[in-house]
Amino acid sequence: MADYELVKKMLRAILQSSKSGLPLSRLQAEYKELTGEAIPHKQLGHATLDTLLHSMSSVVRLDRGRSGEVMCYATVGNEMAHITKLAARHHTAKKTGRPQVVNCQMRVKPSMISFLAKPRTSLRQPEHRGRQGRGGGRPGGHGDSRPGSMREQQPDGKGSKPHSTQHTPPNTPTRRPNLPSDSTTPPKPRTPHSSPYSPKLVQSRLKEVLSKHSNGLWVSKLPQLYRELYKQDLPSEALKDLEEWTHICTIEKPCSSKPQELLLYPAKDISQTTTPPSPAMTPTANKHPPASPTVLSADLKQKLGELLLKYSSGLWAHALPKLYQDTYKTKLPEYVLDNLPLLSDICTIDYPMPDNPKRAILYVKAVEDENCNQEDLADLRAREEAGRRISYQTVPPLLIPREEYPSVLVVEASNTNSVVLRYIGEGYSKAQEKLEDEMKEFYGQDNTKKSLVSPSSGQLTAVHAEEEEEILRAQVCEVMSEKVKVYYVDHGFSEVISKSKLLELHEKFFRLPFQATKCKLAGLEPFSQEPVVLKKFDSMASGKILLAEILERNDIPLMVLYDTSQDDDVNINAACLKALQDKSLESPIAYMNVNVTSVSSDGTFCCQLPSRGLTKLNEVLEKAETYFHSQVTSESLVSRPFCGKSCLARFKGKWSRVEITNLHGSRVLDILFVDLGVQASVEVIELREIPPPFLRDLTAIPPQAVKCCLADLSVSVGSWTPDAVQWLRDRALQCSDCSLKIAKVEESKRLAHVYLFTSKNFHDLSRSLNHQLAESDLWKHQKDVFLSSQGPLKTPSSPKTPPTTPPNTNSTGNSSPSTNGRSKAPQTSKKVPPQSRTTPPITPPRNLALPPVLELPPAGHNIDIYVSVACHPGHFVLQPWQDMYKLVVLMGEMILYYNKTEEKPLTVEKNQVYAAKVENNWHRVLVKGVLTNGLVSVYELDYGKHELVSCTLLRPLIQEFRQLPFQGITAQLAGVKPRQWSEEASIVFRNHVEKKPLVAQLDSVQDAAQPWDRKVTVFLVDTSQEDRDVWVHDIMAEFADELTKAA
């Protein structure tokens, strides 16, 4: 029986964290996400969820919004009544009949932290100088209101010394008394972050800076210049090391020995130290030495710049030679990689693996950032112009939301390059609701109703809606004798109305940007006006609230739309593209000349059947191969990957069609070879755009991979042993002329149950592989994994005591792609046969050192962090914010490495470090325990999560992946008393900090023998709002007090 009071507590906590209310459907999803189960209304004696919620009037209040959707609000007292009045608005156009304003949010699409492709800039530190009296994060003005900046109050002398009149309120953290005071430490530049100091990286960047200031610069100006160029703070250690870097720079003291008065010059022989000798430069060639490669040729620089522009999120330096060769059909000069500073004019160089200088990432110089700045300046000018020329009906432009996945309401689309939509949320739909409420009140007064007597085309006006007492903003499109056609600038549709309904629009209603805007759908540009595409889009998207992934922030942004209202996310762009497929080219039911292309570990397999579509596909791909050989351009490189995108990649040396199924950061992604049923992980540089001459043909041909399973087997799909899988692979993949007979087709799963033959005699079922497999003893689980829950053990020397094998839980079950855009776990294209039963398991080498311990700043200092896991204030896990891109890079490398490695028996030992595959990604994990059913309990050392995985998904963690310190840091919240935190308090804490970048002020560090046992105590501050800082310990202290009083 469900606990009635516990359900009430959970619902109250969810609703109190959503002050503007939740749609009923969203409440159910939030509850399930928190507890793992749906709201148990039937167990509590209620037939429907509505009746249960109505019985909890002390917890939840139900109201129906203007859109007709049931909204749920927390019952918290009269002081919150004004918040609960916010509801959805429903405007209906005569012709469209669709909702025009809905205050609703879609589920956020789960994804990797792909925005961490580049090194992150610093978060805003708490309390900017000169801003005082700001409230915190809770109603009633709680939070921090300190006048000084935390940056300024650093005990190590960051910024200027605080004034003597400043004081620290009782509810804010104070400095530890044993730390040096500001009066004893001179001000000096310091980084508030914990990123490891990389001298090689700083030296490389310093060379670039000095190359532009050959006449010298003041050392005191270097930190500011460094921050402007690289969006990072210059490590304080670098300033101390400047005098020792004589091969980089020369320091002079023109006036005195004060650090602020030092002058910095390039080293006199800097060109000789940065340029390696040319391979052709031998002692015998001194008479005619080749040109010294101190500067790149203009042609080479242009070509490299083109490549880097294609990969604005970064390109591995070691990938340049092959990419250059494939693109320009000529070899890249060897000295370029040996002397990367030569590229400093066109890119910045980053070393994410400090111990491996050969692994560098090249980032193109921020041309886009300059464009963004210009756009921001243009927006500012537009706003100023709007203020000066309000009488000329100038309205400020609508800015694109900053979040990665904003919610949008799709209005209509007559062209996929110009889809009309509106953004949902604060500053958009909510601001519009407020504006229209003000307009309704304003024009409700008789003295303000001024009719627009002589409307003209293009003029802005206020329109009195017919069916509701609403006043809407509109623009006159066409003037007729008695009527006028207007376009509702906030709702995105047109209507013909009587001139009598036009009112003069008062200038105070010009301040909000028009809410109706447009977007372009990625991947559909060549088919923007195809009737089948528009029909599909209208049925799937028009009038619905969707989630938008913004790929390019242009005047008309490039987007991918997702419908996340169901259990599976639906990629609208990909679904519209599939509408172009020619059904007549689909694979028919055929029996002979079958080609099995892949066999998954769950027993399913994919094959190609003879068809018109397959014949045409092979012809077009051969033409594309010839086309690529004849082209010398970078236009075919894929620079903007996204889920659902169709492109080309090589499979066994030939170009094949692929669909991107998942992104790991910006450089590594999962793809599906749609005509082979093979999944793989590749770098983005391995993909090519479909050449324009063949785009329509390749889009029209349906996928040629048919997913099948063997019929009439006693063992179901997903329960196959490794031996049985390998047996089928050995016979089916090696046969070039198989036959099959289809028994039945599961349309819901798009899975064909077949009899498979390795000959053309498919009439005798006893000759089928189905019959041979059923008669074999391959269903016994192979004993190929040696488990240990007692710590390190020795490998057995004889097979007398064979290691035990768990059930094969690594069944793919989904070897064919998800056609709805949801990311599925990638599978390797072909698994290696398990080792012999007599082969002892591999024991990971013990002499590999653990990564270095993550460096933390002294107590009292700030560090930008990201909270990956939050259980309660006494236990959460944080990661250094600025170095998260290094973790993304590392995990991308692990995906590429481990998805291609052989699957071998492995000794799994407790308290040892491994690589483990969890969902789509490979993680560095610590084994906490081994269960008898073959599952292993692991702790993700970079994210702080506990997971159960099959022991078959563990691999040895090689030395290359042991360089970056473990990024997960266990923490507890400072400023609150330790206690047993309630479920409600834990939920409130989680909603404020989990999955968010915050600023942490380090209070204390509890060191331990192992890095994963170390624990820190920190204050957490949310500085995402420009006008105030939210101190989390204040919120939790107040919430705990409220619960105590309520009890």
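Taken over the range 904-919, the residue count meeting the criterion of being buried (at least 19 other Cβ atoms within 10 Å of the Cβ) and touching a helix residue (DSSP H, G or I) at 6+ places or on another chain (Cβ under 9 Å) is 6. The C-beta contact set for the range 751-762 (first residue free of Cβ contacts under 8 Å to residues at least 24 places away in the same chain, second residue outside any loop (DSSP other than H, G, I, E, B) and of a type in the set (S, T, N, Q), distance under 8 angstrom, 6+ apart or interchain) comprises PHE757/SER739; SER759/SER739; ASN761/SER739. Scanning the range 705-738 for residues that are within 24 Å of ARG657 (Cβ to Cβ) and either crowded, with 19+ Cβ neighbours inside 10 Å or of a type in the set (Ser, Thr, Tyr) (or both) turns up ALA705, VAL706, LYS707, CYS708, CYS709, ARG729, ALA732, SER736, CYS738. When LYS928 is tested against the conditions (1) surrounded by fewer than 21 Cβ atoms within 10 Å (Cβ to Cβ); (2) assigned to a strand (DSSP E or B); (3) in contact (Cβ under 8 Å) with a residue 60 or more places away in the chain, the lone failure is (3). For TRP1031, state whether it is under 27 Å from the mean Cα position of the chain (by Cα), hydrophobic (A, V, I, L, M, F, W, C) and surrounded by fewer than 22 Cβ atoms within 10 Å (Cβ to Cβ). Answer is no for this residue.
Per-residue answers, yes or no, for (1) open to solvent by 20 Å² or more (accessible area, probe 1.4 Å); (2) of a type in the set (Ser, Thr, Tyr); (3) in contact (Cβ under 8 Å) with a residue 40 or more places away in the chain:
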site: SER584; (1), (2), (3): yes, yes, no
site: SER600; (1), (2), (3): no, yes, yes
site: CYS606; (1), (2), (3): no, no, yes
site: ALA624; (1), (2), (3): no, no, yes
site: SER681; (1), (2), (3): no, yes, yes
site: LEU687; (1), (2), (3): no, no, yes
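Residues in the range 999-1021 that are open to solvent by 10 Å² or more (accessible area, probe 1.4 Å) and β-branched (Val, Ile, Thr): VAL1005, THR1017. Exactly one residue among TYR939, TYR943 is in a loop (DSSP other than H, G, I, E, B), open to solvent by 20 Å² or more (accessible area, probe 1.4 Å), in contact with a strand residue (DSSP E or B) (Cβ under 8 Å, 6 or more places away or on another chain) and closer than 30 Å to GLU893 by Cβ, and that residue is TYR943.
Scanning the range 300-324 for residues that are under 18 Å from PRO641 (Cβ atoms) and either without any contact (Cβ under 8 Å) to a residue 40 or more places away in the chain or in a loop (DSSP other than H, G, I, E, B) (or both) yields TYR311, SER312, SER313, GLY314. State whether the residues of the range 383-396 include one that is open to solvent by 50 Å² or more (accessible area, probe 1.4 Å), out of contact with any Leu (no Cβ under 8 Å at 6 or more places or on another chain) and either at pLDDT 90 or above or under 30 Å from ASP563 (Cβ atoms) (or both). No, there is no match, as no residue in the range 383-396 is open to solvent by 50 Å² or more (accessible area, probe 1.4 Å), out of contact with any Leu (no Cβ under 8 Å at 6 or more places or on another chain) and either at pLDDT 90 or above or under 30 Å from ASP563 (Cβ atoms) (or both). Just one residue in the set PRO352, PRO341 is assigned to a helix (DSSP H, G or I) and not acidic (Asp, Glu); that residue is PRO341.
Taking LEU778, is it touching an Asp or Glu at 6+ places or on another chain (Cβ under 7 Å) and open to solvent by less than 60 Å² (accessible area, probe 1.4 Å)? When the stated conditions are applied, LEU778 passes them. Looking across the range 883-894, the residues that are under 16 Å from the mean Cα position of the chain (by Cα) and either under 26 Å from VAL725 (Cα atoms) or not basic (Lys, Arg) (or both) come down to ASP883, MET884, TYR885, LEU887, VAL888, VAL889, LEU890, MET891, GLY892. May I ask you to list the residues in the range 541-569 that are open to solvent by 10 Å² or more (accessible area, probe 1.4 Å), more than 19 Å from LEU24 (Cα to Cα) and either hydroxyl-bearing (Ser, Thr, Tyr) or within 17 Å of the chain's Cα centre (by Cα) (or both)? SER542, GLU549, ILE550, LEU551, GLU552, ARG553, LEU558, listed by residue number.
Any residue at all in the range 533-543 that's out of contact with any Leu (no Cβ under 7 Å at 6 or more places or on another chain), in a helix (DSSP H, G or I), at pLDDT below 90 and charged (D, E, K, R)? Show your work before the answer.
So the first thing to find is which residues in the range 533-543 are out of contact with any Leu (no Cβ under 7 Å at 6 or more places or on another chain), and the list is 534-540, 542-543.
Adding the requirement that they be in a helix (DSSP H, G or I) leaves 534-540.
Applying the additional criterion that residues be at pLDDT below 90 yields none.
No - not one qualifying residue is present in the range 533-543.
Scanning the range 717-748 for residues that are within 18 Å of LEU609 (Cβ to Cβ), out of contact with any helix residue (DSSP H, G or I) (no Cβ under 8 Å at 6 or more places or on another chain) and not in a strand (DSSP E or B) gives LEU733, CYS735, SER736, ASP737, GLU747.
Helices (runs of 4 or more DSSP H) fully within the range 196-286 that include at least 2 residues being among the polar types (S, T, N, Q) and at pLDDT below 60: 270-274.
The requirement of being of a type outside the set (A, V, I, L, M) and closer than 23 Å to ASP697 by Cβ is satisfied by PHE628.
Residues that are open to solvent by 40 Å² or more (accessible area, probe 1.4 Å) and not in a helix (DSSP H, G or I) were ranked within the range 983-998; the one that is nearest to THR35 (Cα to Cα) is GLU994.
The values are calculated or read from the model by the stated rules, or taken from the named source; none is laboratory data. Remember, it's a predicted structure, so these values are computed and weren't measured experimentally. Note that we place each Cβ from the backbone using ideal geometry, even for glycine, and neighbour counts take in every protein chain shown. Remember, those area values only see protein heavy atoms, side chains included, never the ligands or the DNA or RNA. Shrake-Rupley method; radii C 1.70, N 1.55, O 1.52, S 1.80 Å.
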